[in-house]
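Here is the structure we will look at, set down as structure tokens.
The values are calculated or read from the model by the stated rules, or taken from the named source; none is laboratory data. Note that the structure is a prediction, hence the values are computed from the model and not measured. Counting neighbours? That spans all protein chains shown, and the Cβs are built from the backbone with ideal geometry, glycine included. The area values use the complete protein model at the heavy-atom level, side chains included, leaving out ligands, DNA and RNA. Shrake-Rupley method; radii C 1.70, N 1.55, O 1.52, S 1.80 Å.
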Amino acid sequence: MRVALQVTCVNDAMFPDTGKAVVRLLRRLGVDVDFPQAQTCCGQPMVNTGYLDEAVPVVRTFVDAFAGYDAIVTPSGSCAGSARHQHSIVADRSGDPALVAAVAQTGPRTYELSEFLVDVLDVTDVGAYFPHRVTYHPTCHSLRMLGVGDRPQRLLEAVHGIQLVDLPNATECCGFGGTFALKNADTSVAMGADKARHVRDTGAEVLVAGDNSCLMHVGGMLSRQRAGVRVMHLAEILAATEETA
Amino acid sequence: MSGTFVGMPAFPTAAREALADTQLRRNLAHATRTIRDKRAAVVAEVEGWEELRVAGAAVKEAALRDLATHLETLEASLVRAGATVHWARDAEEACAIVAGVARDHGADEVVKVKSMATAEIGLNEALEAEGIAAWETDLAELIVQLGDDLPSHILVPAIHRNRAEVREIFRRRMGDVGRPAPDDLTDEPSMLAGAAREHLRDKFLRAKVAVSGANFAVADTGTLVVVESEGNGRMCLTLPDVLVSVVGIEKVVATWSDLDPMLRLLPRSSTGERMNPYTSTWSGVTPGDGPQEVHVVLLDNGRTRALADDVGRQALRCIRCSACLNVCPVYERVGGHAYGSVYPGPIGAILNPLLNGVSDEQTASLPYASSLCGACFEVCPVRIDIPSVLVDQRAAVVDSHRGDRVPKPEAVVMKAAAWTFSDARRLRWAERASGVAGRVLGRFSRTTLPGGRTAAGRLPGPAAGWTGARDLPAPPPESFREWWDRTDGGHRPDDDQEGRS
Ligand code: SF4
């Protein structure tokens with residue numbers, strides 16, 4: 001099986017450790033993951049802001065970069081959702097039948113990390129070790145656009161040494177929402193403040209989620225409040241072992 | 001009496017004001033949580049809720065697919081049953097028709113059943129301009145009307161008010177327009193409801209003309225349906241001699257049996273009740289019983305515009321249950337007024353642009369008033385994919401500016417981003433620049449994120465929108481793709497050059 005990593009533009013530029021964690025994790029599980037160098041971004045920043053024409057060349061770059069892979073793994077529920085549900089909108093609008101066909105090929109083969117681990121590799125215990133008090137925030141896109149269900153929790157529960165605590169009002173949006181965080185900064189911050197408060201209420205040392213963008217938002221608030229809570233991507237916890245701990 | 005949404009600022013500005021009102025936020029959080037929990041409990045009782053949603057969506061979708069035919073059938077059935085049917089292209093025509101009926105009967109006042117369509121067309125203000133007083137009889141509408149206030153929720157227009165505020169409004173204003181509130185009025189809900197009942201009784205008994213909307217209009221039987229919780233609507237529908245019903249053309253369903261899924265979906269989604277306490281249906285005129293003259297105003301007011309929108313037309317399935325408002329995290333924090341319309345919340349954010357277009361700034365701000373979290377779609381009883389429509393309406397906003405001589409800064413940024421993201425070499429170059437910026441930032445920054453990473457605190461300029469309340473991690477010196485190159489995808493040993501991130 002040829003497996004490609006779609007690292008996401010945010011991870012590439014801002015959170016490279018997440019990509020490295022995915023590579024370590026998948027290698028440990030025997031998957032020889034490749035990183036197609038031609039990849040850039042899923043196009044979501046443009047699509048979700050309404051710039052559908054602008055997204056056309058970005059989506060084209062995406063499908064070209066990942067053509068020929070059996071599975072495309074991404075550490076982002078949002079980007080997987082974009083590939084699976086939004087690329088067809090962009091392709092339809094482009095009027096290019098080749099793009100429509102290519103999107104229909106890549107979309108269904110794009111998996112968010114927890115889906116890939118649980119559904120494709122059929123593992124829940126990935127042999128991770130992380131002896132900390134952790135709370136999990138299910139991001140909206142993985143929860144509702146993709147429907148990853150409890151896969152991330154099952155993966156986390158199987159981590160050795162972990163103390164997983166429930167996050168109150170977990171399914172409520174953190175308020176990031178891409179350009180929403182800037183266009184409606186006040187509302188976004190009001191939502192983030194409540195999320196940060198709930199995180200603090202758990203007494204967790206670490207907040208984990210499957211999307212770095214949401215973590216950047218909530219983590220930025222927790223840091224400003226000097227809450228002393230660290231944010232980590234799911235991949236980083238799953239990649240952690242006795243040696244790294 | 002009552003305010004107007006005309007001239008409301010765009011959403012971000014209105015939201016900022018609302019967010020500063022801590023009382024409002026407390027009222028909203030409490031009220032939405034209460035209805036949300038009630039809804040969740042009664043929905044969970046229904047086996048096959050999902051199938052019921054699919055059935056509800058199908059009923060409305062079928063009606064919309066052949067809207068012209070169903071409306072003609074409806075008109076014929078209504079006329080056969082003794083009603084007079086009027087067609088109104090817009091708010092102005094609809095208001096004129098209602099005012100004309102009232103004038104024909106020499107009425108200087110009408111009693112009203114809570115109705116979104118009449119709120120949408122600004123009927124009360126239009127009637128007032130003609131010297132006709134319109135009295136709202138729904139408790140929450142009455143609170144809004146007496147308070148010279150604007151509605152902020154579809155189902156509970158006074159959701160932003162608490163009991164103490166309601167008591168104040170009743171004491172201050174009831175006497176001006178009819179029976180005053182009793183002197184010993186407390187803020188006990190039963191006391192408040194009692195005062196409203198006494199106040200309204202005079203009006204019910206006096207009024208010659210009533211105005212209503214309809215939740216559904218059944219084409220084959222010519223039946224209009226109103227569901228409610230208080231029974232005031234039923235008083236209006238049965239006591240006066242003349243009834244005028246203003247009905248959006250999307251309210252039509254083909255057959256009587258189509259009501260079955262709808263009347264099961266609506267109360268559970270809306271009030272969290274298993275069934276509506278009052279369900280009233282009427283077909284034209286019944287000699288000697290109820291109003292002896294019935295007018296039905298079929299209202300377009302942008303609906304055919306929405307119908308012509310391939311993605312957006314599903315918004316016309318909406319049955320105004322308000323479930324999407326109650327689960328919306330944005331609505332919960334800013335309330336309904338920020339949306340500048342009688343249709344607030346997620347449905348308002350798509351319906352207003354669909355009905356009115358996106359040429360004015362206020363309406364154009366609405367599709368962006370969402371984090372696209374998808375909670376609204378999850379609860380919508382007729383499965384309106386609100387997030388997808390939001391994105392599509394954002395595209396409509398962007399497209400409406402494509403001809404601008406001076407592009408908006410946002411458009412410039414998006415085009416530049418798209419250009420960068422269309423080619424990995426360009427992206428690599430941009431990431432290198434951001435890595436350098438990160439190093440510079442690292443020199444100055446005194447903020448460290450838990451875990452050891454350097455972050456930016458408050459920044460000036462465009463970044464202030466983010467860093468006003470959130471620290472921002474400094475970009476790492478090395479991007480993932482650079483790391484991949486340097487270490488051959490992690491196969492070569494990593495040295496400490498690795499960008500700590
Ligand atoms: S959009 Fe759906 S959930 Fe919202 S008010 Fe309409 S029917 Fe109810």
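Would you be able to tell me the number of residues in the range B:60-75 that are touching a residue at least 24 places away in the same chain (Cβ under 8 Å) and either of a type in the set (S, T, N, Q) or more than 20 Å from B:VAL296 (Cβ to Cβ) (or both)?
3
Can you confirm whether the range A:39-49 contains a residue that is open to solvent by 10 Å² or more (accessible area, probe 1.4 Å), more than 22 Å from A:GLU243 (Cα to Cα) and among the hydroxyl-bearing types (Ser, Thr, Tyr)?
no
Residues of the range B:239-261 being assigned to a helix (DSSP H, G or I) and buried (at least 17 other Cβ atoms within 10 Å of the Cβ), which ones?
Within the range B:239-261, B:ILE249, B:GLU250, B:LYS251, B:ASP258, B:LEU259, B:PRO261 qualify.
Looking only at the range B:12-32, count every residue that is within 12 Å of another protein chain (Cβ to nearest Cβ) and either small (Gly, Ala, Ser) or in contact with a Leu (Cβ under 6 Å, 6 or more places away or on another chain) (or both) and tell me the total.
Number of matching residues: 5.
State whether one or more residues within the range B:382-395 are more than 16 Å from the ligand (Cβ to nearest atom), charged (D, E, K, R) and at pLDDT 95 or above.
yes
What do you reckon, is B:ASP423 without any contact (Cβ under 8 Å) to a residue 24 or more places away in the chain and either within 16 Å of the ligand (Cβ to nearest atom) or more than 33 Å from the chain's Cα centre (by Cα) (or both)? Please lay out each step first, then the result.
Values: without any contact (Cβ under 8 Å) to a residue 24 or more places away in the chain: yes; either within 16 Å of the ligand (Cβ to nearest atom) or more than 33 Å from the chain's Cα centre (by Cα) (or both): yes.
Yes.
Can you tell me which residue in the range B:296-326 is nearest to the ligand (Cβ to nearest atom), limited to those that are within 14 Å of another protein chain (Cβ to nearest Cβ) and surrounded by 24 or more Cβ atoms within 10 Å (Cβ to Cβ)?
Out of the qualifying residues, it is B:CYS324.
For the range B:327-345, enumerate the residues that are within 14 Å of chain A (Cβ to nearest Cβ), open to solvent by 10 Å² or more (accessible area, probe 1.4 Å) and within 13 Å of the ligand (Cβ to nearest atom).
B:VAL327, B:CYS328
Looking at the range B:276-288, which of its residues are more than 16 Å from the ligand (Cβ to nearest atom) and closer than 19 Å to B:VAL113 by Cα?
B:PRO277, B:TYR278, B:THR279, B:SER280, B:THR281, B:TRP282, B:SER283, B:GLY284, B:VAL285
Somewhere in the range A:156-171, is a residue closer than 30 Å to B:ALA369 by Cα, within 14 Å of chain B (Cβ to nearest Cβ) and open to solvent by less than 40 Å² (accessible area, probe 1.4 Å)?
There is at least one residue in the range A:156-171 that is closer than 30 Å to B:ALA369 by Cα, within 14 Å of chain B (Cβ to nearest Cβ) and open to solvent by less than 40 Å² (accessible area, probe 1.4 Å).
For the range B:432-449, how many residues are under 20 Å from A:VAL218 (Cβ atoms), open to solvent by less than 50 Å² (accessible area, probe 1.4 Å) and not hydrophobic (A, V, I, L, M, F, W, C)?
2
Does B:LEU441 meet the test of being at negative phi and either at the interface with another protein chain (Cβ under 9 Å from one of its Cβ atoms) or touching a Leu at 6+ places or on another chain (Cβ under 8 Å) (or both)?
Here the answer is no, as B:LEU441 does not meet what is asked.
Can you name the number of the only condition in (1) within 14 Å of chain A (Cβ to nearest Cβ); (2) touching a residue at least 40 places away in the same chain (Cβ under 8 Å) that B:GLU50 fails?
Looking at each condition in turn, B:GLU50 falls short on (2).
Considering only residues that are away from the ligand (no atom under 12 Å from the Cβ) and either touching a residue at least 60 places away in the same chain (Cβ under 8 Å) or at positive phi (or both), which ones fall in the range B:346-357?
Answer for the range B:346-357, where residues must be away from the ligand (no atom under 12 Å from the Cβ) and either touching a residue at least 60 places away in the same chain (Cβ under 8 Å) or at positive phi (or both): just B:GLY357.
Pick out, from the range A:164-245, the helices (runs of 4 or more DSSP H) lying fully within it that include 2 or more residues that are within 14 Å of the chain's Cα centre (by Cα).
Filter on the range A:164-245 gives A:212-224, A:234-239.
Evaluate the following for B:TRP429: is it modelled with pLDDT under 90 and either away from the ligand (no atom under 12 Å from the Cβ) or of a type in the set (Lys, Arg) (or both)?
Considered against the rule, which asks whether it is modelled with pLDDT under 90 and either away from the ligand (no atom under 12 Å from the Cβ) or of a type in the set (Lys, Arg) (or both), B:TRP429 comes out as yes.
So B:ALA456 ticks every box in (1) more than 9 Å from chain A (Cβ to nearest Cβ); (2) in contact (Cβ under 8 Å) with a residue 40 or more places away in the chain; (3) under 30 Å from A:ARG226 (Cα atoms) but one. Which box is left unticked?
(2)
If you go through the range A:172-212, how many residues are away from chain B (no Cβ under 11 Å), in contact (Cβ under 8 Å) with a residue 24 or more places away in the chain and either within 30 Å of B:PRO9 (Cα to Cα) or not polar (S, T, N, Q) (or both)?
The qualifying residues number 10.
Give the range B:264-281 a look and list any residue that's farther than 16 Å from B:ALA41 by Cβ and part of a helix (DSSP H, G or I), or say none. Before the answer, list the steps.
Within the range B:264-281, the subset farther than 16 Å from B:ALA41 by Cβ is B:266, B:276-281.
The one that is farther than 16 Å from B:ALA41 by Cβ and part of a helix (DSSP H, G or I): B:LEU266.
Looking at (1) at pLDDT below 85; (2) facing another protein chain (nearest Cβ under 9 Å), find the lone condition where B:VAL436 falls short.
The number of the failed condition is (2).
Which helices (runs of 4 or more DSSP H) does the range B:375-492 wholly contain that include 2 or more residues that are of a type in the set (Val, Ile, Thr) and over 30 Å from B:PRO346 (Cβ atoms)?
B:424-444
Return yes when B:ASP385 is within 11 Å of chain A (Cβ to nearest Cβ), in contact (Cβ under 8 Å) with a residue 60 or more places away in the chain and within 25 Å of B:LYS38 (Cα to Cα) and no when it is not.
yes
Does B:ARG428 satisfy the criteria of being away from chain A (no Cβ under 12 Å) and either in contact with a helix residue (DSSP H, G or I) (Cβ under 7 Å, 6 or more places away or on another chain) or open to solvent by 50 Å² or more (accessible area, probe 1.4 Å) (or both)?
When the stated conditions are applied, B:ARG428 does not pass them.
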